[in-house]
Amino acid sequence: MRIFKNIFSQLHRWILWALISAVFWGWIFQLVTNTTPAHKIVLYTSVESCEDKALALALEEDRPEGIKMIKVHPFSYAMFDDGELLSADLYVVSAPEVEEYRSSFAAMEEGSWDWGDRELYRLDGQILGVKIYDAATGEGAAKSYLGYAPDTDYYLFFNVASLHLGDGDGAALRVAEHLLKLP
Amino acid sequence: METTQKLYSPADLPRLEKKIKRERTLIWALAGLTLAACILLACLTNTANAEEMELAAIVCSTVGGWLVIYRRLFGLLEARYELQHARYLLETPGDILRGRLSITKERLRIKNSIRIRILLLEDGEQTRRLKVNETRVKALRPWDGRQVTVELAGGYVAGIGGADADL
């Protein structure tokens, strides 16, 4: 009985400590589960549903040299800032959203990486991306991980500011090739 | 029953000092274990288990912290207050009062000090309110409702005996 009295008399301390603990370890794990942009590839997905952890694990199975981490960042209305979004290396976005992110996309040179026989997204004579999901046929890459809206085409793009394109270490291109091969 | 009883003796001081040392060791051990467990969880983190490990570390740190806070507030600090109080009573010369003792249910907590219980001492002319360390109330139970002699040091009961006792 005395122990409960003691506990209730200090309720504010227990609550305050729980909050401090959650914030502190949240911050520590933020540091532990992150690394510098030079050593990670970030894939931003704007699809209906995303098995982000499973997809990251699948992509990490064939991690390019020098890359310590592959992060999959699904779109969320609860994102506090767009820093992660703007610093992503790869984007999977639906056709209607392309204009919104257009300025972030890098132009690709033909033959710079293996996109197979997939349809390309061209704008002003430049190749910007490849189709990753075709609404007409219902065929798409990494369908086990990415839930595409059935009546919308999706494309894969590269961030123009990525450190991992052809003139860098090319790691983003290797991850893209792997992504397109995932079931 | 008519024997006199001192509520504090010099032998209490080393016992309380030992208790303080024990509490301090326990608190450091708990804090160290909690921190070590959280660091271990952070080190075992990978892409597959990051969220679970973070949750486990938060739970571990929260519960460990609660135990540390509880032991500090209700173990270490209480033992320190007890020690200060015992030293104070042993060093303060006492007054002798006589009357009929009643143990009330009124409890008080003095900030940064011990928990106290209020006693009433009626001597036919007036009723005095006396204070006693809550942990020593048990020793006064046999005297409840009886004529007693009380040794009072700094407003606190330090000893008790029968009506004609020589404290």
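The values are calculated or read from the model by the stated rules, or taken from the named source; none is laboratory data. Note that the structure is a prediction, hence the values are computed from the model and not measured. A quick note on method: Cβ atoms are made from the backbone with ideal geometry, for glycine too, and the neighbour counts reach across all protein chains shown.
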* Asked: When you go through (1) at pLDDT 85 or above; (2) in a loop (DSSP other than H, G, I, E, B) one by one for A:GLY111, which number turns out not to apply?
  -> (1)
* Structure fact -> (1) within 9 Å of chain A (Cβ to nearest Cβ); (2) part of a helix (DSSP H, G or I) all hold for B:LEU77 apart from (1)
* Any hit, the range A:78-95, residues being surrounded by 15 or more Cβ atoms within 10 Å (Cβ to Cβ), among the small types (Gly, Ala, Ser), in a loop (DSSP other than H, G, I, E, B) and on the phi > 0 side of the Ramachandran plot -> no
* Which residues, counting only those in the range B:51-65, are within 25 Å of B:ILE27 (Cβ to Cβ), more than 7 Å from chain A (Cβ to nearest Cβ) and either aliphatic (A, V, I, L, M) or not in a helix (DSSP H, G or I) (or both)? -> B:ALA56, B:VAL59, B:VAL63
* To do: Consider B:ARG129 carefully, then state whether it is within 14 Å of chain A (Cβ to nearest Cβ), within 23 Å of B:GLN5 (Cβ to Cβ), charged (D, E, K, R) and exposed (fewer than 15 other Cβ atoms within 10 Å of the Cβ).
  => no
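Report yes if some residue within the range B:70-78 is among the acidic types (Asp, Glu), surrounded by 17 or more Cβ atoms within 10 Å (Cβ to Cβ) and either within 21 Å of A:LEU11 (Cβ to Cβ) or in contact with a Cys (Cβ under 6 Å, 6 or more places away or on another chain) (or both); otherwise report no. If you could, list the steps in order and put the result at the bottom.
Start the filter on the range B:70-78 by keeping residues that are among the acidic types (Asp, Glu), which leaves B:78.
From what is left, the residues that are surrounded by 17 or more Cβ atoms within 10 Å (Cβ to Cβ) are B:78.
Narrowing the set further to residues that are either within 21 Å of A:LEU11 (Cβ to Cβ) or in contact with a Cys (Cβ under 6 Å, 6 or more places away or on another chain) (or both) leaves B:78.
Yes: the range B:70-78 contains one or more residues that are among the acidic types (Asp, Glu), surrounded by 17 or more Cβ atoms within 10 Å (Cβ to Cβ) and either within 21 Å of A:LEU11 (Cβ to Cβ) or in contact with a Cys (Cβ under 6 Å, 6 or more places away or on another chain) (or both).
Would you kindly identify the strands (runs of 3 or more DSSP E) lying entirely within the range A:117-183 that contain at least 2 residues that are touching a residue at least 60 places away in the same chain (Cβ under 8 Å)? Quick ask: steps written out before the conclusion?
Values: elements: A:120-123, A:126-134, A:154-158.
Ranges flagged: A:154-158.
Go through A:ARG13, A:ARG63 for me and flag whichever is within 12 Å of another protein chain (Cβ to nearest Cβ), in a loop (DSSP other than H, G, I, E, B) and surrounded by 13 or more Cβ atoms within 10 Å (Cβ to Cβ).
Working: A:ARG13 fails: in a loop (DSSP other than H, G, I, E, B).
Sole residue among the options that is within 12 Å of another protein chain (Cβ to nearest Cβ), in a loop (DSSP other than H, G, I, E, B) and surrounded by 13 or more Cβ atoms within 10 Å (Cβ to Cβ): A:ARG63.
Of the residues B:VAL157, B:VAL132, B:VAL148, only one is within 18 Å of A:ARG2 (Cβ to Cβ), modelled with pLDDT of 90 or more, among the aliphatic types (A, V, I, L, M) and not assigned by TED's automatic domain parsing to the domain that holds B:GLY75; which? Even if it seems obvious, please write down each step before you answer.
Working: B:VAL157 fails: within 18 Å of A:ARG2 (Cβ to Cβ); B:VAL148 fails: within 18 Å of A:ARG2 (Cβ to Cβ).
On inspection, the qualifying residue turns out to be B:VAL132.
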* Asked: Just one of the numbered conditions (1) surrounded by fewer than 19 Cβ atoms within 10 Å (Cβ to Cβ); (2) part of a helix (DSSP H, G or I) is not true of A:SER21; which one?
  -> (1)
* Among the residues listed as B:LEU7, B:LEU26, the single one being crowded, with 16+ Cβ neighbours inside 10 Å, within 30 Å of B:ASP144 (Cα to Cα), more than 14 Å from chain A (Cβ to nearest Cβ) and touching a helix residue (DSSP H, G or I) at 6+ places or on another chain (Cβ under 9 Å) -> B:LEU7
* Structure fact -> (1) touching a strand residue (DSSP E or B) at 6+ places or on another chain (Cβ under 7 Å); (2) more than 14 Å from chain B (Cβ to nearest Cβ); (3) outside any helix (DSSP H, G or I) all hold for A:VAL98 apart from (3)
* **Some residue of the range B:89-108 being assigned to a strand (DSSP E or B), surrounded by fewer than 17 Cβ atoms within 10 Å (Cβ to Cβ) and within 13 Å of chain A (Cβ to nearest Cβ)** => yes
* Structure fact -> Inside the range A:24-34, the number of residues satisfying the requirement of being more than 7 Å from every other protein chain (Cβ to nearest Cβ) and not in a helix (DSSP H, G or I) is 1
* Asked: Within the range B:128-141, can you find the residues that are touching a residue at least 24 places away in the same chain (Cβ under 8 Å), out of contact with any Asp or Glu (no Cβ under 8 Å at 6 or more places or on another chain) and farther than 17 Å from B:GLY154 by Cα?
  -> B:VAL137, B:ALA139, B:LEU140, B:ARG141
* Qualifying residue in the range A:97-118 (condition: surrounded by 20 or more Cβ atoms within 10 Å (Cβ to Cβ), touching a Gly at 6+ places or on another chain (Cβ under 7 Å) and among the aliphatic types (A, V, I, L, M)) -> no
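Would you say B:LYS19 is out of contact with any helix residue (DSSP H, G or I) (no Cβ under 6 Å at 6 or more places or on another chain), surrounded by fewer than 18 Cβ atoms within 10 Å (Cβ to Cβ) and either in contact (Cβ under 8 Å) with a residue 40 or more places away in the chain or more than 14 Å from chain A (Cβ to nearest Cβ) (or both)?
Numbers: out of contact with any helix residue (DSSP H, G or I) (no Cβ under 6 Å at 6 or more places or on another chain): no; surrounded by fewer than 18 Cβ atoms within 10 Å (Cβ to Cβ): yes; either in contact (Cβ under 8 Å) with a residue 40 or more places away in the chain or more than 14 Å from chain A (Cβ to nearest Cβ) (or both): yes.
Against the criterion (out of contact with any helix residue (DSSP H, G or I) (no Cβ under 6 Å at 6 or more places or on another chain), surrounded by fewer than 18 Cβ atoms within 10 Å (Cβ to Cβ) and either in contact (Cβ under 8 Å) with a residue 40 or more places away in the chain or more than 14 Å from chain A (Cβ to nearest Cβ) (or both)), B:LYS19 does not qualify.
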* Structure fact -> Inside the range B:50-76, the number of residues satisfying the requirement of being touching a residue at least 12 places away in the same chain (Cβ under 8 Å), closer than 19 Å to A:LYS5 by Cβ and out of contact with any Asp or Glu (no Cβ under 9 Å at 6 or more places or on another chain) is 1
* Asked: With B:LEU83, B:LEU97, B:LEU77, B:LEU73 as the choices, which residue is within 22 Å of B:THR4 (Cβ to Cβ) and of a type in the set (A, V, I, L, M, F, W, C)?
  -> B:LEU97
